[in-house]
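Peer 1: Quick one: structure below, then a few questions.
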Amino acid sequence: MLPSADLLGVRPRAAERAAALPGDDLVPDAEVVMDRAFSLPATQASVWPWIVQLGKGRSGWYLPRRVETVVPARRRGIRRIDPELQHLRPGDVIADWGGPDATFEVVVHEPPHVLVHRSARGRIRLSWAIVARAEGAGTRMHLRLRMAGIRRRRLAEVGGGVVDLLTIAGLAAGLRERVTLTG
């Protein structure tokens, strides 16, 4: 049996799934939409520097320490804010793990609230929005991946959904460790 979004702590609320997000218009004909959301015990100002530096060839992908012990050292996410990685602008292109030539282009960067990427991989078009909202003394993160041009929709929903679920659950746990240590 596969883990659920509830069990992994990344299930979006009904209002989050229904909400329009920045970047939805980049792939208006999306055949697959994946929403994930989680809460962090830190302010948006404390969380945002971690979000900005995410990415292959940048700070990596944040996973919890117990998981990173089995990841090769060169592939582990950094555990500090790197000032060199804080200057992201629309038009910047960053590498992605979706293959050797996979990249994301930054379309919207409005710190400390919104980061939207887009990409085209063959016939597949996608957008990935990361939205941070204040939630009490902490931050609620909402991530939405939209894809069009999918040949095998069910495979993308199920197989891609499992990969996305586990990836975002790892990110949420890794971010919780990092923002708790740094404030």
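Peer 1: Kindly evaluate residue 165 against the criterion of being touching a Lys or Arg at 6+ places or on another chain (Cβ under 9 Å), at pLDDT 95 or above and surrounded by 15 or more Cβ atoms within 10 Å (Cβ to Cβ).
Peer 2: Considered against the rule, which asks whether it is touching a Lys or Arg at 6+ places or on another chain (Cβ under 9 Å), at pLDDT 95 or above and surrounded by 15 or more Cβ atoms within 10 Å (Cβ to Cβ), residue 165 comes out as no.
Peer 1: For segment 80-98, what are the residues that are surrounded by fewer than 17 Cβ atoms within 10 Å (Cβ to Cβ), in a loop (DSSP other than H, G, I, E, B) and either in contact with a Lys or Arg (Cβ under 7 Å, 6 or more places away or on another chain) or hydroxyl-bearing (Ser, Thr, Tyr) (or both)?
Peer 2: 97, 98
Peer 1: Something else about it: Of all residues in segment 32-59, which are at pLDDT below 95, basic (Lys, Arg) and either within 12 Å of residue 175 (Cα to Cα) or part of a strand (DSSP E or B) (or both)?
Peer 2: The answer is 56, and nothing else.
Peer 1: Next up: Can you pull out the residues in segment 121-140 that are of a type outside the set (S, T, N, Q), closer than 16 Å to residue 38 by Cβ and assigned to a strand (DSSP E or B)? Step through it out loud before you land on a result.
Peer 2: In the first step, residues of segment 121-140 are kept if they are of a type outside the set (S, T, N, Q); the result is 121-126, 128-138, 140.
Now drop any that are not closer than 16 Å to residue 38 by Cβ, which leaves 128-138, 140.
Once the filter is applied, which keeps residues that are of a type outside the set (S, T, N, Q), closer than 16 Å to residue 38 by Cβ and assigned to a strand (DSSP E or B), segment 121-140 yields 128, 129, 130, 131, 132, 133, 134, 135, 138, 140.
Peer 1: Mind checking which residues of segment 68-79 are within 17 Å of residue 169 (Cα to Cα) and outside any loop (DSSP other than H, G, I, E, B)?
Peer 2: Within segment 68-79, just 68 meets the criteria.
Peer 1: Tell me which of these residue 57 doesn't satisfy, since it passes every other one: (1) surrounded by 16 or more Cβ atoms within 10 Å (Cβ to Cβ); (2) under 19 Å from residue 102 (Cα atoms).
Peer 2: Only one criterion in (1) surrounded by 16 or more Cβ atoms within 10 Å (Cβ to Cβ); (2) under 19 Å from residue 102 (Cα atoms) is unmet by residue 57, namely (1).
Peer 1: Does residue 81 satisfy the criteria of being β-branched (Val, Ile, Thr) and farther than 25 Å from residue 39 by Cα? Give the steps one after another, and end with the answer.
Peer 2: Working: β-branched (Val, Ile, Thr): yes; farther than 25 Å from residue 39 by Cα: no.
No.
Peer 1: Inspect segment 59-71 for any residue being farther than 16 Å from residue 10 by Cβ and in contact with a strand residue (DSSP E or B) (Cβ under 6 Å, 6 or more places away or on another chain) and give the result as yes or no. Reasoning before the result, please.
Peer 2: First, the residues of segment 59-71 that are farther than 16 Å from residue 10 by Cβ: 59-60, 65-66, 68-71.
Those left that are additionally in contact with a strand residue (DSSP E or B) (Cβ under 6 Å, 6 or more places away or on another chain): none.
No, segment 59-71 has no match at all.
Peer 1: Return a yes/no flag: does segment 141-155 have any residue that is among the β-branched types (Val, Ile, Thr) and either more than 24 Å from residue 25 (Cα to Cα) or in a helix (DSSP H, G or I) (or both).
Peer 2: Residues of segment 141-155 that are among the β-branched types (Val, Ile, Thr), as a first pass: 150.
From what's left, either more than 24 Å from residue 25 (Cα to Cα) or in a helix (DSSP H, G or I) (or both): none.
There is no residue in segment 141-155 that is among the β-branched types (Val, Ile, Thr) and either more than 24 Å from residue 25 (Cα to Cα) or in a helix (DSSP H, G or I) (or both).
Here is a yes/no grid of residues against (1) surrounded by 18 or more Cβ atoms within 10 Å (Cβ to Cβ); (2) over 17 Å from the mean Cα position of the chain (by Cα); (3) of a type outside the set (Phe, Trp, Tyr):
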residue	(1), (2), (3)
72	no, yes, yes
119	yes, no, yes
130	yes, no, yes
140	yes, no, yes
150	yes, yes, yes
153	no, yes, yes
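Peer 1: Sticking with this structure for a sec: For segment 99-113, how many residues are touching a strand residue (DSSP E or B) at 6+ places or on another chain (Cβ under 8 Å), more than 13 Å from residue 26 (Cβ to Cβ) and either modelled with pLDDT of 95 or more or assigned to a strand (DSSP E or B) (or both)?
Peer 2: Total satisfying the criteria: 4.
Peer 1: Taking only segment 42-70 into account, find how many residues are in contact with a Lys or Arg (Cβ under 7 Å, 6 or more places away or on another chain) and on the phi < 0 side of the Ramachandran plot. Before you say what the answer is, go through the steps one by one.
Peer 2: The initial filter retains those residues of segment 42-70 that are in contact with a Lys or Arg (Cβ under 7 Å, 6 or more places away or on another chain), namely 50, 60, 62, 68.
Restricting the remaining residues to those that are on the phi < 0 side of the Ramachandran plot gives 50, 62, 68.
Within segment 42-70, residues that are in contact with a Lys or Arg (Cβ under 7 Å, 6 or more places away or on another chain) and on the phi < 0 side of the Ramachandran plot number 3.
Peer 1: Which of the residues spanning segment 25-41 are touching a helix residue (DSSP H, G or I) at 6+ places or on another chain (Cβ under 7 Å), within 20 Å of residue 109 (Cα to Cα) and surrounded by fewer than 21 Cβ atoms within 10 Å (Cβ to Cβ)?
Peer 2: Of everything in segment 25-41, nothing turns out to be touching a helix residue (DSSP H, G or I) at 6+ places or on another chain (Cβ under 7 Å), within 20 Å of residue 109 (Cα to Cα) and surrounded by fewer than 21 Cβ atoms within 10 Å (Cβ to Cβ).
The values are calculated or read from the model by the stated rules, or taken from the named source; none is laboratory data. No experiment lies behind these values; they were computed from the predicted model shown. Cβ: placed from backbone, ideal geometry, glycine included. Neighbour counts: every protein chain shown.
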